[in-house]
Amino acid sequence: MAEKKWILILSLTFIIAVSQVHHLYMGELTSIMLEKLQQWRKPFNNGGKNLAIGPNLTACHSSYGRPDLLVYCCPPGFQNPVPFTDFKFPDPSRVRVRRPAHLLNESFIAKYNKALSIMKSLPYDDPRSFLRQANLHCQFCTGAYEMLNRSGSELNIHRTWMFFPWHRMMIYFHERILGSLIGDDTFALPFWAWDIPDGMTIPDFYVDESSPFFHSQRDFSHFPPRVADLDYSPDDNDPRFDRKEQTETNLAFMYNRMVSGAKKTELFMGCTYKAGDKNCDSPGTIESAPHNTLHTWIGSGLNPGREDMGKFYSAAKDPVFYAHHSNIDRLWEVWRDINDRKLDIDDSDWLNSFFLFYDENLNLVKIKVKDVLDITKLGYSYEEVERPWLNHRPPPSVTPEQARRIVKLKQNENQVFSSDFRRVLDGKLTVTVNRSVKREKVDEEETVVVYGIVVRGNEYVKFDVYVNLSDDTKMNPKFREFAGTFAYIPGGGRGGHDLKKMKLKLGISELLKDLKADEDESIWVTLVPRTTSCSNVSIEGIKIEYIK
């Protein structure tokens, strides 16, 4: 019996291998064969599993762009298998240098203008056309595709460790297509350097109404000279600060997202997401904010979901999306550099996960995560810019001794919940969290975990988290008590009203040291709603965990 199984396995393997030689994407047939092969191999491989993720391009469905809006962004003719080729690294002699958008000269802007104009003129049946490019984001960020070999299991790259590599792939091919349309194999996308003071306004050429960079579905009140609010909430008084204070707040916020709150891989990259997983819903620091917050800040307040940038199904229709994500991609490289590449992921399932994109020659290309980890091999680099946020480690709002006295007084005077609770976040919530479980090793990162977060409704949701907050007038990322934020853009999936439990993990080891609370038996955690939609958010509890 075992011999017959091996014969069948070898036969199926040969069929699949032949199809790969001819670069045929066999859709459902390949999926079925691979799934059966994996099942039959189990007795012979000690139970090993390949949990790498990939899309089934012949299984695309309508999905929810907002919980109240069903959208259809599947490409034409997706039901029919399309030949694909494996990714090959580009000519290493052709290096594309991505420059900060606010430093571009008129010559480059004119070149980009021409390329984008041509892309926008292409017909929809051409996968290089601007709308087809934009719909890629809709397809992979709203769960329109199923996972390969996992019928009925939708694929969504947000709030997971797929966030960074997938977006890198998307803008890589987008950039090469633009260059090919004008015959320039050195063309490089600009990046919107919103993390440095000189780049914190929307670059001027994006607000030129006569150019293809202009987009009508934006919040016009946020056009230059308004400084971007990286910690934005649409329910705040806008603007919250003057230009100078907003800049300082942004720099302190970036320190939290890139340094003190991102000392472990999971905290920066997001949760582990493998084939068949249904419970990975914990974004990394940068994805939650400033990624989500700036999407919302740019989108139009006249639209129910602040479309276009304010919702993932429509965001890539705005040309500024690509400059925004170029900077997100750059910050991934900066974070890796800050940590000397020591926090890079070596999980084989992540490395072998793959996606498929059309290149500049209209070839469908299969590209793996491991293919995009070295941007030098990808043939592009980033012009070096300053990192001023590295020097913006925030101070405590009051001395730790004063804070200890104030916190103790408030605990005696006000109701403080234990860490085991269930309630709606309809107002500021303070919780005493026990730290009885101590770190086993010095290099473990202590985290505050807000768990069982359930969002109801279709509104953007944001709340901030503080530790040992003693002065309510200083609830600001400029102060050390700020631990991080939860910024959630709803939508995605084929069940628009499905409620998912999410988790927020915030690294606080450095924060506790600066507050001189690292030896305390408990800490005071305060959740501060930043949107009225928080009244539709329920939370199960808060606890302390350690990440090795």
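The values are calculated or read from the model by the stated rules, or taken from the named source; none is laboratory data. Because the structure is a prediction, the values reported are computed rather than measured. Methodologically, a virtual Cβ is constructed for each residue, glycine included, from the backbone with ideal geometry; neighbour enumeration extends over all protein chains shown. Calculation scope for accessible area: heavy atoms of the full protein, side chains included, ligands and nucleic acids excluded. Shrake-Rupley method; radii C 1.70, N 1.55, O 1.52, S 1.80 Å.
Here are the numbers for the structure shown:
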read-out: Solvent-accessible surface (1.4 angstrom probe) belonging to E360, in square angstrom, nearest 10; value: 30
read-out: The stretch 440-481: C-alpha gyration tensor shape, a/c 1.5 cut-off, then a/b vs b/c; value: oblate
read-out: Selection from G379, S397, C60 lying farthest towards where the dipole of the chain points positive, charges on Cβ; value: C60
read-out: Accessible surface ranking that places the most exposed of Y255, Y72 first, with a 1.4 angstrom probe; value: Y72, Y255
read-out: HN-Hα J in Hz across the stretch 303-313 - Karplus 6.51, -1.76, 1.60, θ = phi - 60°, x for Gly and Pro; value: 9, x, x, 6, 4, 8, 5, x, 9, 5, 5
read-out: Cα long-axis angle, helix 106-121 against the chain (0 to 90 degrees, to the nearest 10); value: 60
read-out: Principal-axis tilt of helix 320-338 within the chain, Cα atoms, nearest 10 degrees; value: 70
read-out: Residue list for the stretch 198-215, given a label point 7 angstrom along the Cα-to-Cβ vector of L103 and an amide N cut-off under 18 Å; value: 198-205
read-out: Estimated FRET transfer efficiency (R422, D277; beta-carbon r; R0 22 Å; 0.05); value: 0.30
read-out: Calculated FRET efficiency for the pair T432/E383, C-beta based, R₀ 45 Å, to 0.05; value: 0.40
read-out: Cα centre as origin, Lys/Arg/Asp/Glu Cβ charges: the stretch 459-532 dipole, Debye; value: 500
read-out: Accessible area expressed per residue, the chain, with surrounding protein chains retained (probe 1.4 Å, Å²); value: 42
read-out: Unit Cα scatterers, Debye sum, the stretch 109-241: log10 I(q)/I(0) for q = 0.11, 0.20, 0.21 Å⁻¹; value: -0.55, -1.33, -1.35
read-out: Ranked order, H392, H325 - accessible area, probe 1.4 Å, largest first; value: H392, H325
read-out: Dipole-positive endmost among A115, F253, I544 within the chain (Cβ charges, Cα centre); value: I544
read-out: Electrostatic dipole magnitude of the stretch 221-319 [Cβ: Lys, Arg +1; Asp, Glu -1; Cα centre; debye, to 20]; value: 300
read-out: 0 to 90° range, to nearest 10: angle between helix 2-21 axis and the chain longest Cα axis; value: 90
read-out: Largest-first ordering by accessible area, 1.4 Å probe, given options V442, V82; value: V442, V82
read-out: Contour minus Cα-Cα distance for K342 and F214 (0.36 nm per residue); value: 42.0 nm
read-out: Residue-level accessible surface for I338, protein heavy atoms, 1.4 Å, Å²; value: 60
read-out: R99 accessible area, assembled protein chains, probe 1.4 Å, Å²; value: 80
read-out: Listed residue (I286, F214, S233) projecting farthest to the positive dipole end of the stretch 210-338, Cβ model; value: I286
read-out: About the Cα centre, charge dipole magnitude for the chain (Lys/Arg +1, Asp/Glu -1 at Cβ), debye; value: 1220
read-out: Residue-by-residue Karplus 3J(HN,Hα) for the stretch 289-297, coefficients 6.51, -1.76, 1.60, Hz, glycine and proline x; value: 6, x, 4, 5, 5, 6, 3, 6, 4
read-out: With every protein chain in place, the chain: carbon and sulfur % of accessible area (1.4 Å); value: 50
